[in-house]
1. To the nearest 20 debye, what charge dipole does the range 433-507 have about its Cα centre, counting +1 at the Cβ of each Lys and Arg and -1 at the Cβ of each Asp and Glu?
2. Shape call for the range 297-385 from the C-alpha gyration tensor, a ≥ b ≥ c root eigenvalues: rounded (a/c under 1.5), prolate (a/b greater than b/c) or oblate?
3. Within the chain, what percent of beta bridges assigned by DSSP are antiparallel, to the nearest 5?
4. Could you work out the relative contact order of the chain? I mean the mean sequence separation of Cα pairs under 8 Å and 6+ apart, divided by the number of residues, in percent.
5. Amide H neighbours of C205 under 5 Å, counting only residues 5+ apart in sequence or on other chains, H built in-plane at 1.01 Å?
6. Report the full-extension gain for the segment E119 to R95: residue separation times 0.36 nm, less the Cα-Cα distance, to one decimal in nm.
7. Can you find, among Y495, H432, G464, the residue farthest towards the positive end of the dipole of the range 394-509? Put +1 on the C-beta of Lys and Arg, -1 on that of Asp and Glu.
8. I need to check one value: relative contact order of the range 312-428, counting alpha carbon pairs closer than 8 Å and at least 6 residues apart, in percent.
Amino acid sequence: MTDSKRIYIFDTTLRDGEQSPGASLDEKSKLEIARQLAELRVDVIEAGFPVTSPGDAEAVKRIAKEIKGPTICALARALQKDIDIALDCLKPAKRSRLHIFIATSEIHRKHKLNKAKDEIVRIATWAVKHARQHIGEVEFSPEDASRTEPPFLYEVIRQVIDAGATVVNIPDTVGYTTPFEFGSLIKGIFENVPNIHKAIISVHCHNDLGLAVANSLAAVKFGARQVECTVNGIGERAGNAAMEEIVMALDTRKDIFAGKFTNVRRDQICKSSRLVSSLTGMIVQPNKAVVGRNAFTHESGIHQDGLLKLRKTYEIMRPQDVGFGETRLVLGKHSGRHALENRLQKLGYKLSEKELALVFDNFKTLADRKKEVFDEDLTALVDKEVTAAPKTYELIHLGMRTESGKAPWVSIKIKHKNKTIEAEGTGNGPVHASYQTIDKLLGAKTRLLDYQIRSVTVGEDAQGEVTVKVAGEKDEVIIGQGLSTDVIEASVKAYLDALNKLAHKISKKSPTAHGV
Ligand code: KIV
Ligand code: ZN
């Protein structure tokens, strides 16, 4: 870490982001996101919190083994068991970091940990020293730092740096602080911790008051060198600071940040956003800064007129800088495999022969139904097909009859173990009827926790993308997704995708980092 103006991006999408209510990532999806984060060139990937579940530990190990480029980090409480498990998972990584935390604020000390200040310091310094015997980079986080008495916080920081912490992270764990206050806290740390120059100061802000990005930027202004953030700002409760907003704010306002910069590839931002949204099932709001569907859409006539005269009148960032492709007609039903491959490469996808063949089949089916196939259609297809679970159950046929005032009727044929099974049924609406019929056919005992639908592009023949959240018999939570120009078919595919994942036991762990 040499260039004094470089701001390091520590991405915690796979750890804090995965703790979002509603997010759910299996090992394959985590690996895919980690691969994309490496393409994006973040500096550090926090890959998980290994002690929370064997699945999380396995995912950290695989990321450490397979992902080259960024430093791979794992989280641990200041406990020997946590630290040793996390260190073991990090072993295969070329560059690795252990992240240790313990709460320091009065409210956490008294009501969560029941420990006095000196005991917290003793545990923190012991944990850092123990870890440093095995790994070169140790990051320490005084959890709830922004609500910790500043003199005590300074003392903790001094002691963990003396114990060997190479990075000290200042979390605003409950999203309570404001930019002026947080900036002053960072300034105070630089002024009151005598050995502060021996460590990198990092910040980690939550978004409970909608200030996570503003607080992080205020900290950068006062000397923080690392920002912890997540793609699309997903994370505990209201989320974490959004990576794309931090990167683009620094990039767009170099003037006020004295030329500070990140190493992130801006042209990979939208692709990363789409991938994380698709794999977590967390839809990006249309007006989300930088990556929302409307982020570069100008509705008012005055704005449109200004843009035509000079884009900079109303546009502070160029959409192409963040990889926000214009909605373009790319392919039709006569397009061949080569044209598809070419277009996908331009969109940043490198598919294997097998993956390309699968996407091509689906593209042909889509092109038969839809006159114009846009970039968004292709990216949605790739994201669904390449990440889909093995098809234990495959939809062969869906028949349906609906009439006002009458219960809808559906008929469903599914391929399972080389046999075709079929059933008919009714329900309150066509989606309900389909899901009940599938349950009857497969003996599935699930609970539908959430159902969302969005259109991939505009137009009457647009594809609908359905995302369902389903709880299995053991309360394991699964996200399923389906894509079709027919929204009922998309709904059926989404439910079958969830059942396929359940059949392959791809589920989300339950414990999280907070409150432990
Ligand atoms: O928000 C928080 O305090 C955390 C720590 C584990 C860094 O996520
Ligand atoms: Zn956090």
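1. 380
2. It comes out prolate by the Cα gyration axes.
3. 50
4. 12
5. Those lying under 5 Å, H to H, from C205 are D172, E228, A241.
6. The span from E119 to R95 would gain 5.5 nm if fully extended.
7. My answer, from the dipole projection, is Y495.
8. With pairs under 8 Å counted, the relative contact order is 19 percent.
The values are calculated or read from the model by the stated rules, or taken from the named source; none is laboratory data. All values derive from a computational prediction rather than experimental measurement. Note that each Cβ is placed from the backbone with ideal geometry, even for glycine, and that neighbours are counted across all protein chains shown. Calculation scope for accessible area: heavy atoms of the full protein, side chains included, ligands and nucleic acids excluded. Shrake-Rupley method; radii C 1.70, N 1.55, O 1.52, S 1.80 Å.
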